[in-house]
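Read the structure below first, then the notes.
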Amino acid sequence: MVLITVSIDGPAGSGKSTTARLVAQKLKCLYIDTGAMYRAVTFRVLSLGVNPHDEKTLVEVVRNSDIKFVNKKGELAILLNKKDVTKEIRSVRVTQHVSLISSYRGVREHLVALQREMAENSNIVCEGRDIGTVVFPNADIKVYLDCSIEERAKRRLLDLQRAHVRKTLEELKEDIRKRDTMDSEREFSPLRIPDGAEIIDTANITIQEQVERVLDLIYSLEDI
């Protein structure tokens, strides 16, 4: 059986997670949300009161964290040391610290190894910021989703309003600018457009259109 690897990269709020999840559902294959993994270890570090700038201690905490994805009533849930933290990892506090904590080499090396282990002997759709460049540089299909800061901030504002969290659009735009800078300028595994990636601007298309664009690329492979 020919195994297929699909990488979907892009900045925060570009639609990676939803698109990747729906593509994986359509293909009935494994979906790996690497952003959720980095959020999970960030949540653990903050919960333990570890200084986010104490790289040595932080990396040790990450190495001793057990992360798993499970299906709960048709929805993807992430377990951290056997506890469901799917909701907790989306907090504003985690969002504020995840770019810093995920920038450390030891953190990325550990989670990249775990991501590759999860993908062994499986068809996968994997999304993140370094999937097509570092985690799976030989992916069969590489996609890069992009979108303006304005549009990404509007999407985040809607998410927070649903969660009854108060933030202004300008605050969110500034938050996203900072995350983009940290993600693209970090020393290890910076956010880059992978070689050979199909670039899709998600600003003016629906989620379903994004999914169909990715599926068209996959179905164009001769081995499918």
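Any idea which residue in the stretch 110-135 is surrounded by the fewest Cβ atoms within 10 Å (Cβ to Cβ), counting only those that are among the β-branched types (Val, Ile, Thr) and assigned to a strand (DSSP E or B)?
Let us first name the residues in the stretch 110-135 that are among the β-branched types (Val, Ile, Thr), namely 112, 124-125, 131, 133-135.
Adding the requirement that they be assigned to a strand (DSSP E or B) leaves 124-125.
Values: ILE124: 23, VAL125: 29.
Checking each candidate, the answer is ILE124.
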* Just one of (1) out of contact with any strand residue (DSSP E or B) (no Cβ under 9 Å at 6 or more places or on another chain); (2) part of a strand (DSSP E or B) trips up PHE69, so point out which. => (1)
* Asked: Out of the residues in the stretch 166-179 that are under 16 Å from VAL94 (Cα atoms) and touching a Lys or Arg at 6+ places or on another chain (Cβ under 9 Å), which is surrounded by the most Cβ atoms within 10 Å (Cβ to Cβ)?
  -> LEU172
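Tell me, yes or no, whether the stretch 183-195 has at least one residue that is loosely packed, with under 12 Cβ neighbours inside 10 Å and either hydroxyl-bearing (Ser, Thr, Tyr) or within 18 Å of the chain's Cα centre (by Cα) (or both). So that I can check it myself, show each step before the final result.
We begin by selecting, within the stretch 183-195, every residue loosely packed, with under 12 Cβ neighbours inside 10 Å; these are 185, 187, 195.
Pick out the ones that are also either hydroxyl-bearing (Ser, Thr, Tyr) or within 18 Å of the chain's Cα centre (by Cα) (or both) and you get 185.
Scanning the stretch 183-195, I find at least one residue that is loosely packed, with under 12 Cβ neighbours inside 10 Å and either hydroxyl-bearing (Ser, Thr, Tyr) or within 18 Å of the chain's Cα centre (by Cα) (or both), so the answer is yes.
Results for (1) farther than 22 Å from SER99 by Cα; (2) in contact with a strand residue (DSSP E or B) (Cβ under 7 Å, 6 or more places away or on another chain); (3) hydrophobic (A, V, I, L, M, F, W, C); (4) without any contact (Cβ under 8 Å) to a residue 12 or more places away in the chain, shown as yes or no for each residue.
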residue	(1), (2), (3), (4)
PHE188	no, no, yes, no
ARG192	no, no, no, no
ALA197	yes, yes, yes, no
ILE200	yes, yes, yes, no
ASN204	yes, no, no, yes
GLN210	yes, yes, no, no
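Each reported figure results from applying straightforward, stated rules to the coordinates on display, with no laboratory input. Predicted model only: the values in this text are computed from it and were never measured. So basically every Cβ, Gly included, is an ideal-geometry build from the backbone, and we count neighbours across all protein chains shown.
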